[in-house]
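Visitor: Below: one structure in structure tokens.
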Amino acid sequence: MNNDYSALMQIAPRPQITFTRGAGSYLFDEQNNAWLDFVQGWAVNTLGHSPAVISTALVEQSRQLLNPGPAFYNGPAVKLANRLAALSGLDQVFFANSGAEANEGAIKLARKWGAKQRNGAWKIITFENGFHGRTLATMSATGKPAFEPLFNPKVPGFTKVPYGDLDAVAGAIDADTVAIMLEPIQGEAGVVPASETFMQGLRALADQHGILLMLDEVQTGIGRTGSLFRFQALGIEPDVMTLGKGLGGGVPISALLAKERVCCFEPGDQGGTFNGNPLVCAVALAVLEQVTNDRFMEQINLSSRALSAVLTDLAARYGMGRVRGAGLLLALDTGTVNAPALVKHAFDLGLLLNAPRPNSLRFMPALNVTSEEIIEMGRLLELAIQRTQSK
């Protein structure tokens, strides 16, 4: 294989290795070396690498219809929209290709709704250290400090407040505010969950002021946190929700869902050449069928407890911090241990991890990860910790 990487734009530091095959929780390179993958495409591969149900869905749908275009209905898109609406309690669905696109659509929908229903209100309250994508508008909505100097001028209209501070949210609402938008667990911030009290307070504030509550569940949705959608564990319902990542189990699909009263797009307001094509919708249906099977969610929560126990034990023995998160979106506070260095040593040992912050490791395994794989991950992580502390 030609391993000249120079033609690819360098948008991330990548090891000089080409992965050629994946199976379940493992990735393999050209020499068939194996890595235990607890990143899974950043919480994308719901059922692990190359699961048979996705391969089958792709092959069968590819023989029937690939893309009739967005000006026509297709069967898988109609079926998927109805399935998501029934599962979520929201009413209508717009399909896109990435989480950023879904969030961009949510921003547009909120502003259109504000123009029609709230005297032209257009500002959206978002949160410090939040992450909503890399389009210009979603980067503007994001509270990641590294984004602040990039690609200016940003899209105006995003008021950022501290995550978890209900008083700050209340103080930021004015006549031009149309929505509150947030992740129920901040992933890029190091897996920081919002409390049930905070989320219920946001719902009450939105109702009190007649504005929208929009949840970015791109990372937390589709079973990742131990319930099909994170909001179900928080005792609230959003007006708008976005999905991505795990919805396609590895293929590019995302979704914008909203209550019927919010759905005010008119023809021409929103679209996309590849949006809702039958190929990716057939895959998403196959993923949903697996995730909503009896006992699948129970198994996620059993695996979550097992993974949390392994991490808690390592933290106690090596002087690190606590485990946080929910389901199979967990983080370990590494304390004084450098998390990026840990990731590098883990890679050398055949374990793929992610360090969203200098002192945080993020764990996003396949939702069907086995207990044996969790134990093996713990063994390799301990070796990586020992190597890091010996330097």
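The values are calculated or read from the model by the stated rules, or taken from the named source; none is laboratory data. Since this is a predicted model, take the numbers as computed values, not measurements. In this analysis, Cβ positions are derived from the backbone assuming ideal geometry, glycine residues included, and neighbour counts consider all displayed protein chains.
Visitor: Starting from residues that are of a type in the set (Gly, Ala, Ser) and closer than 19 Å to Gly226 by Cα, keep the ones in region 287-315 and report whichever is surrounded by the fewest Cβ atoms within 10 Å (Cβ to Cβ).
Guide: Ala309
Visitor: Looking only at residues that are among the hydrophobic types (A, V, I, L, M, F, W, C) and touching a strand residue (DSSP E or B) at 6+ places or on another chain (Cβ under 8 Å) in region 270-284, which one is surrounded by the fewest Cβ atoms within 10 Å (Cβ to Cβ)?
Guide: If we take residues in region 270-284 being among the hydrophobic types (A, V, I, L, M, F, W, C) and touching a strand residue (DSSP E or B) at 6+ places or on another chain (Cβ under 8 Å), then Leu279 is surrounded by the fewest Cβ atoms within 10 Å (Cβ to Cβ).
Visitor: Quickly run through region 140-174 and pick out the residues that are in contact with a Lys or Arg (Cβ under 7 Å, 6 or more places away or on another chain) and farther than 17 Å from Leu212 by Cβ.
Guide: Ser140, Gly143
Visitor: Conditions first: (1) more than 27 Å from Glu104 (Cβ to Cβ); (2) in a loop (DSSP other than H, G, I, E, B); (3) touching a Gly at 6+ places or on another chain (Cβ under 9 Å). Asn293 passes all but one, so which condition is the exception?
Guide: (3)
Visitor: How about region 195-215: which of its residues are closer than 14 Å to Ile236 by Cβ and either in the same structural domain as Met364 (by TED's automatic domain parsing) or surrounded by 21 or more Cβ atoms within 10 Å (Cβ to Cβ) (or both)?
Guide: Listed by number, the residues that qualify are Met199, Leu202, Ala206, Leu212, Leu213, Met214, Leu215.
Visitor: Here's a follow-up. Return yes when Gly321 is touching a residue at least 24 places away in the same chain (Cβ under 8 Å), closer than 28 Å to Ala121 by Cα and surrounded by fewer than 20 Cβ atoms within 10 Å (Cβ to Cβ) and no when it is not. Break it down into steps so the answer makes sense when it comes.
Guide: Details: touching a residue at least 24 places away in the same chain (Cβ under 8 Å): yes; closer than 28 Å to Ala121 by Cα: no; surrounded by fewer than 20 Cβ atoms within 10 Å (Cβ to Cβ): yes.
Judged against the criteria, Gly321 is not a match.
Visitor: Check region 79-91 and report whether any residue there is touching an Asp or Glu at 6+ places or on another chain (Cβ under 6 Å), at pLDDT 95 or above and acidic (Asp, Glu).
Guide: yes
Visitor: Only one of these is in contact (Cβ under 8 Å) with a residue 40 or more places away in the chain and among the acidic types (Asp, Glu): Glu372, Glu376. Name it.
Guide: When all the criteria are applied, what remains is Glu376.
Visitor: Filter the helices (runs of 4 or more DSSP H) completely within region 129-232 down to those with at least 2 residues that are within 22 Å of Arg357 (Cα to Cα) and free of Cβ contacts under 8 Å to residues at least 60 places away in the same chain.
Guide: In region 129-232, 136-141 are the helices (runs of 4 or more DSSP H) which contain 2 or more residues that are within 22 Å of Arg357 (Cα to Cα) and free of Cβ contacts under 8 Å to residues at least 60 places away in the same chain.
Visitor: Can you name the residue in region 126-149 that is more than 18 Å from Leu202 (Cα to Cα) and polar (S, T, N, Q) and is also surrounded by the fewest Cβ atoms within 10 Å (Cβ to Cβ) among such residues?
Guide: The selected residue is Thr135.
Visitor: Only one of (1) part of a loop (DSSP other than H, G, I, E, B); (2) surrounded by fewer than 23 Cβ atoms within 10 Å (Cβ to Cβ); (3) touching a residue at least 60 places away in the same chain (Cβ under 8 Å) is not met by Lys116, so which one is it?
Guide: In the conditions (1) part of a loop (DSSP other than H, G, I, E, B); (2) surrounded by fewer than 23 Cβ atoms within 10 Å (Cβ to Cβ); (3) touching a residue at least 60 places away in the same chain (Cβ under 8 Å), Lys116 misses (1) alone.
Visitor: Quick one: is Thr273 part of a helix (DSSP H, G or I), among the β-branched types (Val, Ile, Thr) and over 22 Å from the mean Cα position of the chain (by Cα)? If you could, list the steps in order and put the result at the bottom.
Guide: Numbers: part of a helix (DSSP H, G or I): no; among the β-branched types (Val, Ile, Thr): yes; over 22 Å from the mean Cα position of the chain (by Cα): yes.
Considered against the rule, which asks whether it is part of a helix (DSSP H, G or I), among the β-branched types (Val, Ile, Thr) and over 22 Å from the mean Cα position of the chain (by Cα), Thr273 comes out as no.
Visitor: Out of region 18-47, which residues are outside any strand (DSSP E or B), surrounded by fewer than 19 Cβ atoms within 10 Å (Cβ to Cβ) and in contact (Cβ under 8 Å) with a residue 40 or more places away in the chain?
Guide: Asn33, Gly41, Trp42 - these are the residues of region 18-47 that are outside any strand (DSSP E or B), surrounded by fewer than 19 Cβ atoms within 10 Å (Cβ to Cβ) and in contact (Cβ under 8 Å) with a residue 40 or more places away in the chain.
Visitor: Kindly check whether there is at least one residue in region 317-329 that is farther than 18 Å from Gly250 by Cβ, over 21 Å from the mean Cα position of the chain (by Cα), in a helix (DSSP H, G or I) and not aromatic (Phe, Trp, Tyr). Let's see the steps before the verdict.
Guide: Taking region 317-329 as the starting set, the residues that turn out to be farther than 18 Å from Gly250 by Cβ are 317-327.
Add one more test, that the residue is over 21 Å from the mean Cα position of the chain (by Cα), and what stays is 317-322.
Cutting the leftovers down to in a helix (DSSP H, G or I) gives us 317.
After this cut, where a residue has to be not aromatic (Phe, Trp, Tyr) as well, the list is 317.
So far as region 317-329 goes, yes, one or more of its residues are farther than 18 Å from Gly250 by Cβ, over 21 Å from the mean Cα position of the chain (by Cα), in a helix (DSSP H, G or I) and not aromatic (Phe, Trp, Tyr).
Visitor: Against the definition (within 13 Å of Leu352 (Cβ to Cβ) and touching a Lys or Arg at 6+ places or on another chain (Cβ under 7 Å)), how does Phe28 come out, yes or no? Step through it out loud before you land on a result.
Guide: Details: within 13 Å of Leu352 (Cβ to Cβ): yes; touching a Lys or Arg at 6+ places or on another chain (Cβ under 7 Å): yes.
It is true that Phe28 is within 13 Å of Leu352 (Cβ to Cβ) and touching a Lys or Arg at 6+ places or on another chain (Cβ under 7 Å).
Visitor: OK, next. Could you run through region 178-189 and say how many residues are surrounded by fewer than 24 Cβ atoms within 10 Å (Cβ to Cβ) and over 13 Å from Gly325 (Cα atoms)?
Guide: Of the residues in region 178-189, 0 are surrounded by fewer than 24 Cβ atoms within 10 Å (Cβ to Cβ) and over 13 Å from Gly325 (Cα atoms).
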